1. Quick check on Gly333: is it touching a residue at least 12 places away in the same chain (Cβ under 8 Å), more than 11 Å from ligand 1 (Cβ to nearest atom) and open to solvent by 30 Å² or more (accessible area, probe 1.4 Å)?
2. Would you please list the contacts, defined by Cβ atoms under 7 Å and residues six or more apart or on different chains, that run from a residue in region 37-55 that is touching a residue at least 40 places away in the same chain (Cβ under 8 Å) to a residue that is among the basic types (Lys, Arg) and in a strand (DSSP E or B)?
3. Only residues in region 283-312 that are away from ligand 1 (no atom under 16 Å from the Cβ) count as the first member; pair them with residues that are among the acidic types (Asp, Glu), Cβ under 9 angstrom, at least 6 apart or cross-chain, and list the lot.
4. Pull up region 87-129, narrow it to residues that are closer than 16 Å to Asp20 by Cα and among the hydrophobic types (A, V, I, L, M, F, W, C), then point me to the one that is surrounded by the most Cβ atoms within 10 Å (Cβ to Cβ).
5. Of the residues Glu35, Glu58, only one is open to solvent by 20 Å² or more (accessible area, probe 1.4 Å) and under 30 Å from Arg237 (Cβ atoms); which?
6. What about Asn244, is it in contact with a Ser or Thr (Cβ under 9 Å, 6 or more places away or on another chain) and at pLDDT 95 or above?
7. Just one of Gln87, Gln107 is polar (S, T, N, Q) and more than 16 Å from Gly345 (Cβ to Cβ); which is it?
8. Look at Tyr288 and say whether it is open to solvent by less than 60 Å² (accessible area, probe 1.4 Å) and assigned to a helix (DSSP H, G or I).
Amino acid sequence: MTVPKKLFIKTYGCQMNVYDSERMAESLCDQGYVETSSAEGADMILLNTCHIREKAAEKVYSELGRLKSLKTQNPDLKIGVTGCVAQAEGEEIMRRQPAVDLVVGPQSYHRLPQMEARVRAGETALDTDFPEEDKFATLKGRTKAARAPSAFLTVQEGCDKFCAFCVVPYTRGAESSRPVPRILDEAHELVERGVREITLLGQNVNAYHGAGVDGSDQSLAQLIWALNEIDGLERIRFTTSHPNDMTDDLIEAHGTCEKLMPYLHLPVQSGSDRILKRMNRSHTAESYLRVIDKIRAARPDIVLSGDFIVGFPEETEADFQATLELIESVKYGYAYSFKYSTRPGTPAAERAQVDALVADERLQRIQDLITRQQHDILNSMVGRDLHVLVEKTGRNQGQMVGKSEYLHAVHIEDSKATIGEIVPVKITEAKRNSLAAKHIVI
Ligand code: 5AD
Ligand code: SF4
């Protein structure tokens with residue numbers, strides 16, 4: 001019997017990387033690998049990287065510096081870099097860290113098994129092409145192992161928006177949408193493996209326009225309605241969306257589609273029209289707020305989340321105040337704020353930068369406001385009857401943990417619920433980042 005080789009994947013960055021890592025692991029399982037949870041003792045280490053901000057990219061090189069010593073303990077160890085740093089820096093990675101054997105960008109993951117064979121034969125392998133074929137159709141592993149109740153499913157990749165700060169259009173390429181039948185097949189398969197909730201992923205997911213069964217373009221709303229028909233699939237979510245692509249059919253689906261959950265991540269980045277223009281966002285604060293009004297008219301209880309960048313080049317105190325005002329008027333359930341990070345090759349990188357201390361101070365202020373709003377929304381859940389998709393056991397005896405419709409983590413006390421069940425609960429308490437609940441006996 002051959003001993004299986006051990007694969008360790010470390011995933012950085014966004015949910016799409018989590019999805020990609022799962023696909024890569026499944027495809028390498030077919031090559032005789034089993035996944036392991038530690039780098040020590042692994043025969044193949046893949047760092048699935050993120051290039052969105054400078055810190056995220058730099059972390060990769062320091063991690064590689066640590067990992068290379070493992071090669072002295074295990075001469076058969078191969079180290080690979082995948083993801084957006086691989087795409088952006090390519091060969092440069094092997095120059096900076098010669099311990100790296102393999103570099104593969106996100107569009108070429110289906111070629112990973114062949115690349116693995118090459119590095120096993122003692123060569124190095126590099127692939128940062130943008131091939132035409134649907135990589136996920138070829139990348140499919142044969143494993144049918146049971147899955148956790150909540151899964152990601154990539155339906156769209158790349159972005160044509162070219163926001164002035166963002167590397168995504170360069171690292172993930174032009175927008176492309178997977179065909180509806182492939183997505184439905186994958187969703188059916190996930191449900192057979194125990195999945196009850198699917199989050200549809202795309203860098204610009206609401207620009208989805210994949211081919212339907214008859215070959216005609218289908219919108220994200222049409223895809224969601226098709227998924228709504230799948231027995232055993234109970235919850236549908238999608239992320240990340242652009243305000244300009246919130247079409248009427250998608251907004252309407254939030255009001256009428258039973259399985260579409262009342263949560264929407266809709267980044268705005270800034271509340272200042274001057275800065276939005278400089279960011280090339282092609283919307284204004286006012287047009288964003290109008291979209292929010294329409295969404296709330298369709299689904300009044302929806303919980304909204306957003307992304308914000310502070311310290312974008314030329315941002316003044318007045319611009320920043322406009323962002324705070326926008327946040328005040330929306331009232332987010334969650335929000336993510338980032339200090340602007342210069343990304344080489346993007347238009348904003350050439351512009352006059354905001355003083356780092358000023359940006360730090362703005363980040364602190366925006367985060368204080370966001371935290372207050374998050375707590376308000378968590379507090380507003382107390383006393384409400386919600387449904388929780390149970391995902392795991394909790395730390396305390398008898399405690400189970402899952403997610404509410406609104407994506408809040410909920411700890412259910414004295415629970416006999418099993419993983420994968422959706423159970424009615426009453427919210428008893430709001431914690432810092434989660435909710436406590438008890439079962440409702442029906
Ligand atoms: N600097 C800081 N934040 C960025 N984001 C994207 N690019 C940058 C950058 N250069 C943020 C945006 C985006 C989120 C995923 O990351 O807010 O919505
Ligand atoms: Fe980046 Fe999103 Fe802008 Fe596309 S829409 S360029 S992914 S921030």
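1. Details: touching a residue at least 12 places away in the same chain (Cβ under 8 Å): yes; more than 11 Å from ligand 1 (Cβ to nearest atom): yes; open to solvent by 30 Å² or more (accessible area, probe 1.4 Å): no.
It is false that Gly333 is touching a residue at least 12 places away in the same chain (Cβ under 8 Å), more than 11 Å from ligand 1 (Cβ to nearest atom) and open to solvent by 30 Å² or more (accessible area, probe 1.4 Å).
2. These pairs meet every condition: Met44/Lys5; Met44/Lys78.
3. Qualifying pairs under 9 Å: Thr284/Asp273; Glu286/Asp273; Lys294/Asp248; Ala298/Glu252; Asp301/Glu405; Val303/Glu405.
4. Filtering first and then ranking leaves Val104.
5. Values: Glu58 fails: under 30 Å from Arg237 (Cβ atoms).
Exactly one of Glu35, Glu58 is open to solvent by 20 Å² or more (accessible area, probe 1.4 Å) and under 30 Å from Arg237 (Cβ atoms), namely Glu35.
6. On the way: in contact with a Ser or Thr (Cβ under 9 Å, 6 or more places away or on another chain): yes; at pLDDT 95 or above: yes.
So Asn244 fits the description; yes.
7. On the way: Gln87 fails: more than 16 Å from Gly345 (Cβ to Cβ).
Exactly one residue qualifies, and that residue is Gln107.
8. Details: open to solvent by less than 60 Å² (accessible area, probe 1.4 Å): yes; assigned to a helix (DSSP H, G or I): yes.
Considered against the rule, which asks whether it is open to solvent by less than 60 Å² (accessible area, probe 1.4 Å) and assigned to a helix (DSSP H, G or I), Tyr288 comes out as yes.
The values are calculated or read from the model by the stated rules, or taken from the named source; none is laboratory data. Just so it is clear, the model here is predicted, and its values are computed rather than measured. Every residue, glycine among them, receives a Cβ derived from its backbone with ideal geometry; neighbour counts consider all protein chains shown. Surface areas here come from the heavy atoms of the whole protein model, side chains and all, with no ligands, DNA or RNA. Shrake-Rupley method; radii C 1.70, N 1.55, O 1.52, S 1.80 Å.
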